[in-house]
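These notes concern the structure reproduced below.
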Amino acid sequence: AAPQPPAAGHYGYPAPPAQPYGGYPGYDAYGGPQPWGPQPSNGLGTAALVLGIISVVGFCMYGVNIVLGILALIFGIIGLGRAKRGEATNRGMAIAGIITGSVGIVVGSVLLGFIIWAIANGDSSFDDTYDDDPFATSLVIEGRG
């Protein structure tokens, strides 16, 4: 009788590949398909859009919307760079975040500038209004002497 080769996995022979959970190739231990690559990182583009919208809508926050607009602009630029490199799939959100962040900065700056201008050029006629008021009354007490 011819000698039989040793069973697979013994010395000199490779072991058979291990089957995943359930014995079905292509599925992980939880039964779902295995990911074939890294997931896109769309967080910065989404954050840019959200911050840009809050910056435009919240123009009455007197300066806070300028900060939010700057953050939206920064996150949008970084998100656009990730989309160009193929790390993210939401290029449109990143561009919209850049646009809305820029609009928020402009609207907030104009409104804040108008408020500062109005305070600086406001006349102090409020203090002088009591001199010309025809309905103002005064009490005069005449002394006896």
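The values are calculated or read from the model by the stated rules, or taken from the named source; none is laboratory data. No experiment lies behind these values; they were computed from the predicted model shown. Cβ sites come from the backbone with ideal geometry, for glycine too, and all protein chains shown count toward neighbours. The protein model used for the area step is the full one, side chains on, heavy atoms only, and it has no ligands, DNA or RNA in it. Shrake-Rupley method; radii C 1.70, N 1.55, O 1.52, S 1.80 Å.
The table below gives the values:
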item: Rounded, prolate or oblate (a/c below 1.5 giving rounded, otherwise prolate when a/b exceeds b/c) for the range 44-110 by Cα gyration tensor; result: prolate
item: Label-to-label distance, nm, for residues given as residue 142 and residue 109 (7 Å Cα→Cβ offset); result: 6.8
item: Residue-level accessible surface for residue 114, protein heavy atoms, 1.4 Å, Å²; result: 120
item: Integer Hz, Karplus 6.51/-1.76/1.60 couplings in order for the range 70-77, x for Gly and Pro; result: 5, 5, 4, 5, 5, 5, x, 5
item: Modelled label reach - residue 120, point 7 Å along Cα→Cβ, the range 77-114 residues with backbone N closer than 20 Å; result: 106-114
